[in-house]
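A short worksheet on the structure shown next.
The values are calculated or read from the model by the stated rules, or taken from the named source; none is laboratory data. Note that the structure is a prediction, hence the values are computed from the model and not measured. Don't worry about glycine lacking a Cβ; one is built from the backbone with ideal geometry, like all the others, and counts go over all protein chains shown.
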Amino acid sequence: MEPAVQEAKLAAMDVLLHNVSGPFEGLPRTAGWGYPEPYTRDLLISGLGILASGNKDLLVSLRRVLETLAGNQSPRGQIPSLVHDPENRGASDTTPLFLLILGMYRRHTGEPAFLEEAGAKALQWMDYQSVDDRELVVQQPTSDWRDEQWVLGQGLYVNALVHGYLKVLGLEERAESFRTAANREDGRGFAIPGQSNYAFWFYKVFRNQRCDLLGNSLAILTGLAGPDRARAMVAWIEAHCGGLRSNGELAVELPPCLFPYVQPQDADWHERDGIYNSPGDYHNGGVWPFVCGFYVAALVAAGEQPLAEEKLRALTTLVRPSRKLPPTHSGAFGFNEWFHAKDGTPAGEDWQTWSASMYLYAAACVEAGHALFFG
């Protein structure tokens, strides 16, 4: 392991251990200073790095997060958006993330019946998230991790999570049926004829063909995309990011979370985008370290080990800058939330839990030479 990567791994552990207990019922913080709240999706995604670390204190905190979520689950089975608040509901990705990380945690601990009732209720909730009573689930705009990005109907990211938990929970027959549905090319699946990446989202006659990096990375990791498509997808992403760099639209060696960027003249531009989500920023193409961690792991899963090592080095460089670390932590790795694509400057909160955790996960996958936990 290269010295810079080893240094960053140690720094990531410092972040996670610093954030392990916050002011809300002692649950982990979402970021070191900016986000004291225990946001469900952030902490569940961070479960990947925690499992990879094997750290006992972090594993105890992950178990507590899962148990608290189970205790705050809605009567119908939905998982809340804040771990400690059963009334904070409405997210489309918290319940599938709960099932995914629950399945991985069960395997890690050898406890197949851990939170069995909560898992069954969550599965039932997800079974009713389909408008046509078939495999693929739907969501409302701005209901997943992108609170400033419209995803209408069947979104790739959430559906890739569903495929992931079906496999991790051992529901192989359902997972295969789901994979077949997702890969339909007749407008009722994510496959785009003549294009390697999957559609960002679709609903009836509407379809958004922009590249959702997190959704496509999860499609590779969960096996939603077969080996040939996975390799073609990687080549397509790298080629298009090369074009963005040539045009001065991408200043770093890692992909943005969404591209091509939504422009003011585009049909999917919304008035709020001009304030919060301009091209190359935030959810409209910002570079997010946690998403890039998924991408590095997906490269390993696709058999692109040299490229995965290259992108891990780029991620090591990206997570160093900070925006406003306190003087007591001057010079430490920033593990910032997100970066402007066009100039590479940090724009979010430092010591972000999922940024640090997904760095650990990405590094562990590169070290192992295969993607961990997705099976």
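Of all the numbered requirements in (1) polar (S, T, N, Q); (2) touching a residue at least 60 places away in the same chain (Cβ under 8 Å); (3) over 30 Å from Thr109 (Cα atoms), Asn216 misses one, and that requirement is (3). Of Asn208, Asn197, Asn216, all but one fail to be surrounded by 17 or more Cβ atoms within 10 Å (Cβ to Cβ) and over 29 Å from Thr317 (Cβ atoms); the exception is Asn208. Provide a single number: the residues in the stretch 29-56 that are in contact with a Leu (Cβ under 6 Å, 6 or more places away or on another chain) and over 16 Å from Asn72 (Cα atoms). Result for the stretch 29-56: 5.
Rundown of residues vs (1) within 24 Å of Phe335 (Cα to Cα); (2) among the β-branched types (Val, Ile, Thr); (3) in contact with a strand residue (DSSP E or B) (Cβ under 7 Å, 6 or more places away or on another chain); (4) modelled with pLDDT of 95 or more, yes/no style:
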{"residue": "Lys9", "(1), (2), (3), (4)": "yes, no, no, yes"}
{"residue": "Pro38", "(1), (2), (3), (4)": "yes, no, yes, yes"}
{"residue": "Leu44", "(1), (2), (3), (4)": "yes, no, no, yes"}
{"residue": "Gly47", "(1), (2), (3), (4)": "yes, no, no, yes"}
{"residue": "Leu62", "(1), (2), (3), (4)": "yes, no, no, yes"}
{"residue": "Ser74", "(1), (2), (3), (4)": "no, no, no, yes"}
{"residue": "Arg89", "(1), (2), (3), (4)": "no, no, no, yes"}
{"residue": "Ser92", "(1), (2), (3), (4)": "no, no, yes, yes"}
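Taken over the stretch 83-106, residues that are crowded, with 16+ Cβ neighbours inside 10 Å, of a type outside the set (Val, Ile, Thr) and either over 15 Å from Pro38 (Cα atoms) or under 17 Å from the mean Cα position of the chain (by Cα) (or both) amount to 13.
Pick from Leu17, Leu102, Leu97: which is hydrophobic (A, V, I, L, M, F, W, C) and over 24 Å from Leu221 (Cα atoms)? Don't jump to the end; show me each part of the working.
Numbers: Leu102 fails: over 24 Å from Leu221 (Cα atoms); Leu97 fails: over 24 Å from Leu221 (Cα atoms).
Every option except Leu17 fails the conditions.
Of all the listed residues (Gly303, Gly293, Gly348, Gly375), the sole one being at pLDDT 95 or above, within 26 Å of Leu161 (Cβ to Cβ), part of a loop (DSSP other than H, G, I, E, B) and within 18 Å of the chain's Cα centre (by Cα) is Gly348. Taking the stretch 69-86 as the range and being of a type in the set (Gly, Ala, Ser) and in a loop (DSSP other than H, G, I, E, B) as the test, the residues that pass are Ser74, Gly77, Ser81. Residue pairs whose Cβ atoms lie under 8 Å apart, sitting 6 or more positions apart in sequence or on different chains, and linking a residue in the stretch 274-289 that is touching a residue at least 60 places away in the same chain (Cβ under 8 Å) and over 12 Å from Lys342 (Cβ atoms) to a partner that is acidic (Asp, Glu) and surrounded by fewer than 24 Cβ atoms within 10 Å (Cβ to Cβ), are Tyr276/Glu148; Asn277/Glu148; Tyr282/Glu148; His283/Asp147; His283/Glu148.
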